[in-house]
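What follows draws every value from the coordinates through simple rules; no lab data is involved. Treat the numbers as computed from the prediction; the structure is a model and nothing was measured. A quick note on method: Cβ atoms are made from the backbone with ideal geometry, for glycine too, and the neighbour counts reach across all protein chains shown.
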Amino acid sequence: ILWNKLPEQFPIHFNAAGEVDSYSSKAFGVFGLPLILVLFQWLCTVGSLKMDPKAENLEGKVFSLVLWIIPVLSVVMNALVYCTALGMNMNVQIIMPLLVGLLMVIIGNWLPKCKPSWTLGIKLPWTLADEDNWNRTHRFAGPVWVVCGMVIMLCALIGGAFLWVLPAAFAMMIAAPTLYSFLLFKGK
């Protein structure tokens, strides 16, 4: 519908300041990006069901999270790209961190309910080998992820400090549960 209104140089990537820093052809932007996201969705869905020896633990609400992450991200990302390509001023530096932070809060709420699997969760050798370690690690990680997600969203709304907050939040979301899980493992 918008093909004739879209520019030949299609924006496909934004830097941390929300400025377009990479372009592609209009054909790749309209057809290639959605196709890549569909392939990722297919890999996440089929790959997790067929390749995970503990796939029976992926059923229910937890697996529905996997089914919805990429479609929701693709709708938001494509809307931002199309609006930018059409000359609308989008606050990418606010919208994307809000979306990422919200995703971290949702995942953080889900982590304590996560059953052991090779597809989802904090998959360390000692968490996969010991269900008690898995459960305690994920109960610990959930609030860490929720707090970090909320900090990311707050910084997106406040602005300014986001360039260092996002890497620090991701480092905390990985390091704190890993260290906690390792200490549980060594304590046994």
**OP:** Would you mind calculating the relative contact order of the chain from Cα pairs under 8 angstrom and at least 6 residues apart, reporting the percent as a whole number?
**Re:** 19 percent
**OP:** Work out the FRET efficiency for Ala168 and Phe28 from their Cβ-Cβ distance, taking R0 = 30 Å, and round it to the nearest 0.05.
**Re:** 0.35
Original post:
Does a label point 7 Å from the Cα of Val20, set along Cα-to-beta-carbon, have any residues of region 90-104 with amide nitrogen under 14 Å, and which are they?
Top reply: 90-92
Original post:
Taking only Cα atoms, what is the 0 to 90° angle, nearest 10, from helix 92-110's long axis to the longest principal axis of the chain?
Top reply: 20 degrees
Original post:
Counting only pairs 8 or more places apart or on different chains, how many lysine pairs in the chain have C-alpha atoms closer than 18 Å?
Top reply: 11
Original post:
In a GNM of the chain with a 10 Å cut-off on Cα contacts, which of Trp145, Trp164, Trp126 has the highest mean-square fluctuation?
Top reply: Trp164
